[in-house]
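J.: One structure, pasted below without further comment.
The values are calculated or read from the model by the stated rules, or taken from the named source; none is laboratory data. No experiment lies behind these values; they were computed from the predicted model shown. Positions of Cβ are generated from backbone atoms using ideal geometry, with glycine treated the same way; all protein chains shown enter the neighbour counts.
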């Protein structure tokens, strides 16, 4: 799943700062010049494609809620705090990514 997020961001030239894949949701911090909803929907598509490839369930299964939680981060301090929260504040590590 993490590879799908990395691929989706790279394909669109978005900067993936951090990601934490949980069993039933994902947290990401992405830098891009598009609305957060566009990022969220694109990453849901990439994740769905990967889940379909590994055939863990039906390909037509509804996996995602209609929306999700998105936030604009305008200040460097807010971005750093969000990255720390995504990487370290989500409980036991599952799949975690932090940009260098």
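Yes/no matrix, rows are residues, columns are (1) under 20 Å from residue 99 (Cα atoms); (2) at pLDDT 80 or above; (3) surrounded by 15 or more Cβ atoms within 10 Å (Cβ to Cβ):
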{"site": "9", "(1), (2), (3)": "yes, yes, yes"}
{"site": "26", "(1), (2), (3)": "yes, yes, yes"}
{"site": "31", "(1), (2), (3)": "yes, yes, no"}
{"site": "35", "(1), (2), (3)": "no, yes, no"}
{"site": "39", "(1), (2), (3)": "yes, yes, yes"}
{"site": "65", "(1), (2), (3)": "no, no, no"}
{"site": "69", "(1), (2), (3)": "no, yes, no"}
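J.: Need the failing condition index for residue 50 against (1) under 18 Å from residue 93 (Cβ atoms); (2) at pLDDT below 85; (3) surrounded by 14 or more Cβ atoms within 10 Å (Cβ to Cβ), just the number.
T.: Single failed check for residue 50: (1).
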